[in-house]
Amino acid sequence: QFEALKEKGFNFVTIIHPSAIIARDVKLGEGAQLMAGAIVQPGVEIGLNTVLNTGCRIDHDCKIGAHSFIAPGATLCGGVNIGESTHIGAGSVIIENVSMGKNTIVGAGAAVTHNFEHGITASGVPARMHKTS
């Protein structure tokens, strides 16, 4: 949908809730939405059409790909790289310097301690990975 509307000339608004805390050097893609209580530290890059939901924490130097969703209360520690079209579940934690491929899903409350390939679903503590179809 996003790409189809862009091709037709539509411009998406980037939305930042007044209670979100954002470092000055954060790079926000078009159409990004930062909800109430989100905290985004220096050096972060947020892809277009990405949602950082209520109370999530994005630490320094993380990169979040386009069309991704970070659910309420999720934490990305420093240096995390997330591929596009990825869903990070509520209350989950991704530790430092972990990379995830595109189209990945992290279940609610998961603790992710190592890298993902594309198309992986992870859940549990510590997170166990499962290939999706």
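Being modelled with pLDDT of 95 or more, on the phi < 0 side of the Ramachandran plot, open to solvent by 30 Å² or more (accessible area, probe 1.4 Å) and of a type in the set (V, I, T) narrows it down to one residue among V93, V112; which is it? Only one candidate qualifies: V93. For region 56-71, the criterion of being among the hydroxyl-bearing types (S, T, Y), in a strand (DSSP E or B) and either under 11 Å from the mean Cα position of the chain (by Cα) or within 21 Å of K102 (Cα to Cα) (or both) is met by no residue. Checking the stated criteria, E7 turns out not to satisfy the condition of being surrounded by fewer than 19 Cβ atoms within 10 Å (Cβ to Cβ), in contact with a helix residue (DSSP H, G or I) (Cβ under 9 Å, 6 or more places away or on another chain) and at negative phi. Only one of the numbered conditions (1) more than 22 Å from F12 (Cα to Cα); (2) open to solvent by 40 Å² or more (accessible area, probe 1.4 Å) is not met by E84, and that is (1).
For region 100-108, indicate whether the set of residues that are under 25 Å from P126 (Cα atoms), open to solvent by less than 20 Å² (accessible area, probe 1.4 Å) and touching a Lys or Arg at 6+ places or on another chain (Cβ under 7 Å) is non-empty. No, there is no match, as no residue in region 100-108 is under 25 Å from P126 (Cα atoms), open to solvent by less than 20 Å² (accessible area, probe 1.4 Å) and touching a Lys or Arg at 6+ places or on another chain (Cβ under 7 Å).
Selection over region 115-129 of residues that are part of a loop (DSSP other than H, G, I, E, B) and open to solvent by 60 Å² or more (accessible area, probe 1.4 Å) gives a count of 5. There is at least one residue in region 23-30 that is buried (at least 20 other Cβ atoms within 10 Å of the Cβ) and either in contact with a Gly (Cβ under 6 Å, 6 or more places away or on another chain) or at pLDDT 95 or above (or both).
Take A90 and decide whether it is under 22 Å from M35 (Cβ atoms), among the hydrophobic types (A, V, I, L, M, F, W, C) and either under 14 Å from the mean Cα position of the chain (by Cα) or part of a strand (DSSP E or B) (or both).
When the stated conditions are applied, A90 passes them.
The values are calculated or read from the model by the stated rules, or taken from the named source; none is laboratory data. Quantities reported herein were computed from a predicted structural model and do not represent experimental measurements. Reconstructed Cβ throughout: ideal geometry from the backbone, glycine too, with neighbour counts over all protein chains shown. To get the accessible areas, we keep the full protein, side chains included, count just its heavy atoms, and leave off ligands, DNA and RNA. Shrake-Rupley method; radii C 1.70, N 1.55, O 1.52, S 1.80 Å.
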